[in-house]
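First the structure, in the form of structure tokens, and then the observations on it.
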Amino acid sequence: LIDGPILLRSSLPCTGGCPYNSINKNNPGGEAKIACHVATCRKLFSSFQKVEQAVLDVGGIVADAWLKTCTLWPEKETFFKEIGKQTVLFQGCAAEMIDKKKQMRMMKQFRVETNCPRIAGALNQFQCTGDHAQTPCAGSATKGTEEYTFIMTDSIHAAFEQHATEGRCNAMVSLLDI
């Protein structure tokens, strides 16, 4: 068993709910491919819910990322509402997400559901100010957006560290009160 704070950070594939599927379905074999992606996502999410619930049951922190415009969100929202998560919307261009081919910041809309206010605050800082050139998240550049930028991961880790430190401090204070 784990002794200490737990953070479950997830990002299940949302290809089956991609807004571009309204176009992709017209490609040869497109509808079958999309149906396969949707089935995979649903199967993974079903298993994931069990893992996430186990983490929550021991007081752990969760942060689930999805593409903001994923059409599969309605299926997930019920679960997220039941466990009391906070929604954070932010943009990749504000977190130095770059289209390597075009060498421009990329506007990718992110959505994270978390039960940790520190992580929510850390991600909420990545709001597009519109003061830079950017390109849409589309085409071959999309694959690279599966990986968070270092500034995003560093922010999540720092926020979780703050949360864990506060928890240890609170536990120590509680022991002193005895």
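The values are calculated or read from the model by the stated rules, or taken from the named source; none is laboratory data. Predicted model, so just to flag it, every value in this text is computed and none were measured. Here the Cβ positions follow ideal geometry from the backbone for every residue, glycine too, while neighbour counts run over all protein chains shown. Surface accessibility is based on the protein's heavy atoms, side chains included, excluding ligands, DNA and RNA. Shrake-Rupley method; radii C 1.70, N 1.55, O 1.52, S 1.80 Å.
Miscellaneous remarks
- Criterion (among the polar types (S, T, N, Q), out of contact with any strand residue (DSSP E or B) (no Cβ under 9 Å at 6 or more places or on another chain) and modelled with pLDDT under 90) met by exactly one of 129, 135, 165, 145: 165
- Test: residue in segment 104-113 that is of a type in the set (D, E, K, R), in contact with a His (Cβ under 8 Å, 6 or more places away or on another chain), at pLDDT 90 or above and over 28 Å from residue 46 (Cα atoms): yes
Rundown of residues vs (1) open to solvent by 60 Å² or more (accessible area, probe 1.4 Å); (2) touching a residue at least 24 places away in the same chain (Cβ under 8 Å); (3) not in a helix (DSSP H, G or I), yes/no style:
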| residue | (1), (2), (3) |
| --- | --- |
| 23 | yes, no, no |
| 27 | yes, no, yes |
| 31 | yes, no, no |
| 37 | yes, yes, no |
| 42 | yes, yes, no |
| 47 | yes, no, no |
| 52 | no, yes, no |
| 55 | no, yes, no |
